[in-house]
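Worksheet for the structure shown next.
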Amino acid sequence: MTRHRPIRRAAAVALTFGLALTATPALPASAHTGWGSGTQNLGPNVTIFDPSMPVADIQAKLDATYTKQVDAEMGTARYAYLFKPGTYGTAEQPLQIKVGYYTEISGLGAKPGDVVINGKVEAYNRCLSSDPANPNCIALVNFWRTLSNLTVNINGAGQDGCRQTANFWAVSQAVSLRRTQFNGGTLSLMDYCTAGPQYASGGFIANSKLPNTVNGSQQQWLTRNSEVETWSNAVWNQVFSGVVGAPDESTFPNPPYTTLEKTPVSREKPFLFVDAKGKYQVRVPAAKRNTAGTSWDDTSGRTIPLSDFYVAKPGDSVQKINLALAVGKHLLITPGVYDVASSIKVWHPNTVVLGLGHATLTAVKGSIPIDVAGVPGVVIAGVTIDAGLKESPVLLRVGPKHGINISSAANPTTLNDVYFRVGGPHIGKTDIALEVNSDNVLIDHTWVWRGDHGVEGFTNGVNGDTDRWKTNTGRYGAVINGDDVTATGLFVEHFQKYNTVWNGERGTTVLYQNELPYDPPTQADWMNGSVEGYAGYKVGAKVKKHQLYGGGVYVFNQNNPQIHTENGFEVPNTPGVKLHHIMTVNLSAGIIDHVVNGVGEPADMTKVGQPVFVTDYPAVP
């Protein structure tokens with residue numbers, strides 16, 4: 001996470017499986033009792049509200065979960081709160097929702113205006129210290145939460161004076177806000193009402209309509225295919241792609257805005273909704289090229305009945321899941337933590353795998369939790385993948401590295417809000433987190449994280465950081481071997497060699513955020529042959545065409561502040577490889593000698609918190 005100062009913290013297979021699945025059908029869409037009685041059974045950790053329920057009861061339910069989740073950064077509970085079409089809260093009795101860890105708040109309408117919240121949906125700073133003189137209240141670790149598919153009429157009635165000034169969404173990585181409209185106030189991406197230092201390190205918004213928006217202390221942010229009334233200020237790396245009303249980039253880096261008039265490739269995340277007959281469906285938007293603004297009225301894409309999905313619930317085996325996938329079912333993973341000792345295999349083109357409530361797959365016995373065949377149109381969305389105690393070769397593989405890969409530029413395999421963790425809740429080990437071997441893949445918002453803090457393997461005695469370097473191991477974050485791959489919102493942090501390696505041709509990245517690893521014990525541990533360190537973003541030496549818009553690499557060598565990294569970015573010197581608006585920054589320890597290929601001043605201890613910018617590489621005449 002970013003910070004200004006240290007904080008501890010096949011066909012034959014399908015035919016074979018078909019007979020078995022006949023005897024073991026997918027779970028029925030049966031009713032359940034409790035909250036949302038008579039509605040779709042989506043497992044024990046999904047709550048469905050309807051507008052007939054008393055506001056006070058809904059508020060109490062959500063407040064109780066927030067109390068449990070506000071500090072549960074490394075916990076195992078997962079929740080999804082889904083709102084049927086209608087209006088919730090009134091001017092006199094607003095519904096004011098606070099969102100904690102591993103919590104999804106989503107509407108079940110076909111459009112965001114079908115679910116209206118009169119009130120707020122908020123995330124505040126988390127106070128990490130019990131010392132009243134120095135509570136250390138920040139948003140730097142406000143990870144893993146989701147907001148989507150509703151309209152919020154901002155109403156702070158009953159809150160204290162400062163809280164009434166805005167809807168606060170003070171978040172950092174692995175947080176998405178999609179298909180949401182805010183009306184009647186201000187959206188603040190920092191929490192200026194809680195005692196400081198108020199640092200924040202997000203974030204991602206897509207396909208949304210925003211009011212006056214205060215960026216505040218957010219160090220990096222991507223807003224994609226949205227509309228914004230106004231946007232105030234920036235810190236290091238603020239990128240707008242296909243945003244109506246986006247600020248102009250002409251005075252970069254004062255402020256550091258990067259603005260693309262249109263998004264080169266996009267596909268919005270699939271979402272669950274209730275149709276006019278009360279049936280549950282999953283909407284899968286089509287992929288688009290060169291677009292701007294929201295797409296709420298777009299009728300292209302597919303609508304798939306939930307009956308065509310295998311609905312996985314905690315305790316379901318990978319064998320059951322694979323049986324369903326092999327005969328053409330889609331997969332809905334309800335909230336929970338799933339141990340995956342053999343790969344979930346996605347064989348068929350156009351398969352949808354959709355997670356709710358930050359459903360988490362944990363590698364067991366060195367498995368590859370998700371293995372996608374070299375086929376087009378697969379969508380993986382809303383899933384978190386954790387490394388396990390035994391090293392995995394990779395955590396998510398898209399297409400075989402050697403073998404047949406069939407792709408489609410019009411129907412790219414897509415990853416929406418797919419997050420990776422190597423360590424954190426437990427020690428993790430992997431060689432590569434994300435490996436993309438297929439062509440024409442879209443990565444739409446991911447956080448690929450080797451943990452810099454967590455529960456185990458991080459503070460083992462006086463040599464905690466040295467121990468972490470040896471026990472919590474991940475060599476490469478994202479390795480892109482396919483051609484024509486696009487990433488919108490690529491966040492990769494703390495890996496022990498290259499965080500990102502891009503070997504495919506004609507790749508495009510729109511916002512890249514990286515922190516180099518905090519914990520190399522010595523310079524000898526951080527050497528790439530005779531070169532000091534590994535660049536945070538490497539484009540392969542044979543690549544002829546590549547483009548990046550808005551990239552940052554940060555250094556915080558807390559274990560040894562004397563460690564050098566030669567370059568933040570490393571790319572081949574060829575006219576077809578172009579980097580636009582890139583920077584490095586020192587967070588208080590270590591040195592990045594150059595921004596890219598020997599160009600740019602050092603990000604050293606004389607420039608703590610002060611970015612070193614390169615507007616274009618190669619330089620534009």
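The values are calculated or read from the model by the stated rules, or taken from the named source; none is laboratory data. Please read all numbers here as calculations on a predicted model, not as lab measurements. Note that each Cβ is placed from the backbone with ideal geometry, even for glycine, and that neighbours are counted across all protein chains shown.
Give segment 241-276 a look and list any residue that's aliphatic (A, V, I, L, M) and in a loop (DSSP other than H, G, I, E, B), or say none. If the condition is that a residue be aliphatic (A, V, I, L, M) and in a loop (DSSP other than H, G, I, E, B), then 243, 246, 276 are the ones that fit. Of all residues in segment 155-175, those satisfying the criterion of being crowded, with 16+ Cβ neighbours inside 10 Å and within 15 Å of residue 198 (Cα to Cα) are 163, 168, 169, 170, 171, 172.
Taking the criterion of being modelled with pLDDT of 95 or more and small (Gly, Ala, Ser), the residues of segment 458-486 that qualify are 474, 477, 478, 482.
Listed conditions (1) of a type outside the set (A, V, I, L, M); (2) outside any loop (DSSP other than H, G, I, E, B); (3) under 24 Å from residue 552 (Cα atoms) are all met by residue 229, apart from (3). Residues that are in contact with a Lys or Arg (Cβ under 8 Å, 6 or more places away or on another chain), on the phi < 0 side of the Ramachandran plot, not in a strand (DSSP E or B) and not small (Gly, Ala, Ser) occur in segment 162-174; there is at least one.
Selection of segment 419-434 for residues being of a type in the set (D, E, K, R) and either outside any strand (DSSP E or B) or buried (at least 24 other Cβ atoms within 10 Å of the Cβ) (or both) yields only 421. Of the residues screened, residue 201 is not one that is within 27 Å of residue 48 (Cβ to Cβ) and among the hydroxyl-bearing types (Ser, Thr, Tyr).
Taking the criterion of being farther than 30 Å from residue 333 by Cα and either in a helix (DSSP H, G or I) or not β-branched (Val, Ile, Thr) (or both), would at least one residue in segment 283-291 satisfy it? Within segment 283-291 (the criterion being farther than 30 Å from residue 333 by Cα and either in a helix (DSSP H, G or I) or not β-branched (Val, Ile, Thr) (or both)), the answer is yes, since at least one residue qualifies.
Can we say residue 244 is surrounded by fewer than 24 Cβ atoms within 10 Å (Cβ to Cβ) and assigned by TED's automatic domain parsing to the domain that holds residue 170? Against the criterion (surrounded by fewer than 24 Cβ atoms within 10 Å (Cβ to Cβ) and assigned by TED's automatic domain parsing to the domain that holds residue 170), residue 244 qualifies.
Against the list (1) in a strand (DSSP E or B); (2) crowded, with 22+ Cβ neighbours inside 10 Å, the condition residue 393 fails is (2). Number of residues in segment 486-506 that are over 12 Å from residue 435 (Cα atoms), touching a Lys or Arg at 6+ places or on another chain (Cβ under 8 Å) and not polar (S, T, N, Q): the value is 8. Is there a residue being part of a loop (DSSP other than H, G, I, E, B), crowded, with 21+ Cβ neighbours inside 10 Å and not hydrophobic (A, V, I, L, M, F, W, C) anywhere in segment 501-508? Yes - at least one qualifying residue is present in segment 501-508. The set of residues in segment 545-585 being more than 24 Å from residue 252 (Cβ to Cβ) and among the aliphatic types (A, V, I, L, M) consists of 563 alone.
Residues that are under 20 Å from the mean Cα position of the chain (by Cα) and part of a loop (DSSP other than H, G, I, E, B) do occur in segment 357-374, at least one of them.
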